[in-house]
Amino acid sequence: MAGMFAKLRQRIIEAGLSADELDRIARAPLHLNSAGFDEWGLDPQTIKTAVASFKWLYKSYFRVETKNIDRLPKGRAVVVGNHGGQIPIDAMMVILSMLFEGEPPRIGRGMVERWVSSLPWIADFYMRCGQIVGDQKNCKDLLEKDETVVVFPEGVKGSGKTIEKKYQLQGFGSGFLRLTLETGSPVVPVAIIGHEEAYPGLVDAKPIAKTLGIPYLPITPLFPWLGFMGLVPLPTKIQIRYCEPIHFDANPDATDEEVRAMVERVRMTLQKEINQGLLERGDRIYT
Amino acid sequence: MRFGNVLITGATGGLARLVAERLKESHELVGADARSWPSQAAFPGEFVEVSYTHRKMADIFRKHRFHTLIHMGRIRTTSEANFHERYNVNVLGTRNLLDLAKKYGVKNVVVFSTFHVYGAHGLNPMHITEDQPLRASQLFPELQDAVDLDHYATNFLLQNPGIHTTILRPTNVVGSRLQNDITKILKSQYCPMVMGFDPMMQFIDQEDMARAIILAMRANHSGIYNVIGEGVIPYSHAIELAGGTPIPIPPFVAYSAASILKAVGMSRIPKHLIDYIRYPTLLSDERFRKDFNYAPLISCVESLKNLRHLEN
């Protein structure tokens, strides 16, 4: 059984990844142990399988265009993105952009919602792909090991927002900023344009979501009317725009008010970049 | 050259015997255990079959004037004894031993606790440090004795700055000479897994663990330390390396199946252990590495592959 699974995985990797893509994954800095995993549970074979399986989403479906990725510094960094579009396509696209187009290529460490850790199969899959439960200690440990952490400080307030609030940044949590101060990491805002229209939530069916124990349940023009087909995102064109890194040189014990001011600076930088991206894109959502 | 006398509790256990073999040239050893000596090979020193709460324990301390106490005498498997027996041995026994250590001038104390005290939760940080709360008994009251033992030892450490007390919280210790739950599972042909969950796990080889205990007993300071071996590995790979076949069990039947199978004597896997093969419970051993200049010598792959080799 395990042998069959390994063979299938190998075939997916061989069929799905070019030599250049394999080379990029091989060049991503990893610290593997004797069993071939890193101390966070990352497994290069699972990464390769996932990249081979999902790269068509990045390259063909959403036709992702990345701007200014050379602004992403080497070593530790906190990449801060805008959240939206109900399902975390945005995180996947940002992480793939770092792998496909970053120099050196790297495997971004997304901070996963806590409740994901109780989901069978999915929790392990995230972990093998290098994605970690969004715990402050986890984030700090990763930064201290010079990893690139990807966060969405809007949390579910951002991902669950309905279409009339698209590209309007919701309130930011401040935990990420204290961690950047503690670890001396630069913050790199990254504006993601296109994904917020991919899954346009019209209404959030809050009472049903509460009964099901999930953070939100979007009603879209296609879901639940088309059943599972309605879960397929629209093929919008996605643009990922990296901003200049922001270096904060402040005491990690800064007051909450001071930290909030720094968070607001990150939020405004990101909102400005989003607005610029939207202006350049105009009405061409799908092309 | 002979150094101070050493008392090793839980002396019939595989790990305690490994420690004793390593210390026999340099120390006068006394082994104590409530269980009788099981094998033909003799304990390398004096062996006493005694309950840790028995008055005879004081005579042993008085007679030998120990320099070091290595307390490994904890009932580890919940299948071995009921809750009250484990409370007697693990909590009251520990209290008596530590009180005697103080009374009879023991200089170094090593307490062998377990990482189970942290509890297995989906919400644990990835690398648990020693300052995390001990939450094990929140979910499984049967682990209360392990948590109490650890708390008791911690109080002893704080109240007796003159005694070098080291509390070790090791991850899964595995080795061909051990009889603990995880080793037994990995040595068996069919190993249970919780369907949909293949957590990353840490292991430490019996030889590395014995070395860590000896490093700790020579400490000239006190502290609480996580101890792990090399590597982090998915449970399914560990089973594969140990030569077993994983049997996935749906989570909603796994706990009741463990209880029923244990009740009818078909399995000895305690219910709480299912959470430890369901959620990753990984430790950070940075403090131990730094303070003791420790690095494991045996990789997790090597250790798991060696598991079925018989030595005695």
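The values are calculated or read from the model by the stated rules, or taken from the named source; none is laboratory data. This one's a predicted model, so the numbers in the text were calculated from it and none came from an experiment. Please note: Cβ atoms are built from the backbone with ideal geometry, for glycine as well, and neighbour counts cover all protein chains shown. Quick note on the areas: whole protein, heavy atoms, side chains included, nothing else; ligands and nucleic acids left out. Shrake-Rupley method; radii C 1.70, N 1.55, O 1.52, S 1.80 Å.
Among the residues here, B:N220 qualifies as more than 12 Å from every other protein chain (Cβ to nearest Cβ), out of contact with any helix residue (DSSP H, G or I) (no Cβ under 8 Å at 6 or more places or on another chain), of a type outside the set (A, V, I, L, M) and within 30 Å of B:I163 (Cα to Cα). Applying the criterion of at least 1 residues that are within 30 Å of A:E144 (Cβ to Cβ) and either in contact with a strand residue (DSSP E or B) (Cβ under 9 Å, 6 or more places away or on another chain) or open to solvent by less than 20 Å² (accessible area, probe 1.4 Å) (or both) to the helices (runs of 4 or more DSSP H) found wholly in the range A:1-85 leaves A:19-27, A:44-56.
Sub-6 Å Cβ pairs linking a first residue in the range B:42-65 that is more than 23 Å from B:N90 (Cβ to Cβ) to a second residue that is open to solvent by 50 Å² or more (accessible area, probe 1.4 Å), at least 6 apart or interchain, are B:P44/B:K24, ordered by first then second residue. The single condition from (1) more than 26 Å from B:A136 (Cα to Cα); (2) open to solvent by less than 60 Å² (accessible area, probe 1.4 Å) that B:I228 fails is (1).
Of the helices (runs of 4 or more DSSP H) entirely within the range B:196-312, those holding at least 1 residues that are without any contact (Cβ under 8 Å) to a residue 12 or more places away in the chain and more than 26 Å from B:R22 (Cβ to Cβ) occupy B:235-242, B:251-263.
Every residue, every condition in (1) within 11 Å of chain B (Cβ to nearest Cβ); (2) of a type in the set (F, W, Y); (3) without any contact (Cβ under 8 Å) to a residue 60 or more places away in the chain; (4) open to solvent by less than 50 Å² (accessible area, probe 1.4 Å), yes or no:
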{"site": "A:S117", "(1), (2), (3), (4)": "yes, no, yes, yes"}
{"site": "A:Y126", "(1), (2), (3), (4)": "no, yes, yes, no"}
{"site": "A:E144", "(1), (2), (3), (4)": "yes, no, no, no"}
{"site": "A:P186", "(1), (2), (3), (4)": "no, no, no, yes"}
{"site": "A:G194", "(1), (2), (3), (4)": "no, no, no, yes"}
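Just name the residue that is modelled with the lowest pLDDT out of those in the range B:84-132 that are surrounded by fewer than 18 Cβ atoms within 10 Å (Cβ to Cβ) and aliphatic (A, V, I, L, M). Of everything passing the filter in the range B:84-132, B:L123 is modelled with the lowest pLDDT.
So which residues in the range A:34-55 are aromatic (F, W, Y) and modelled with pLDDT of 95 or more, if there are any at all? Quick ask: steps written out before the conclusion?
Taking the range A:34-55 and keeping what is aromatic (F, W, Y), we get A:37, A:40, A:54.
Correct list: A:F37 only.
Scanning the range A:130-141 for residues that are crowded, with 23+ Cβ neighbours inside 10 Å and more than 9 Å from chain B (Cβ to nearest Cβ) gives A:G130, A:Q131, A:C139. Which of the residues that make up the range A:10-61 are more than 23 Å from B:L241 (Cα to Cα) and of a type in the set (F, W, Y)? Those that are more than 23 Å from B:L241 (Cα to Cα) and of a type in the set (F, W, Y): A:F54, A:W56, A:Y58, A:Y61.
In the range B:159-174, is there at least one residue being touching a residue at least 24 places away in the same chain (Cβ under 8 Å), away from chain A (no Cβ under 14 Å) and open to solvent by 30 Å² or more (accessible area, probe 1.4 Å)? Yes, there is a match, as at least one residue in the range B:159-174 is touching a residue at least 24 places away in the same chain (Cβ under 8 Å), away from chain A (no Cβ under 14 Å) and open to solvent by 30 Å² or more (accessible area, probe 1.4 Å).
Among the residues of the range A:11-43, what is the count of those that are within 14 Å of chain B (Cβ to nearest Cβ), over 20 Å from A:I122 (Cα atoms) and in contact with a Lys or Arg (Cβ under 9 Å, 6 or more places away or on another chain)?
1
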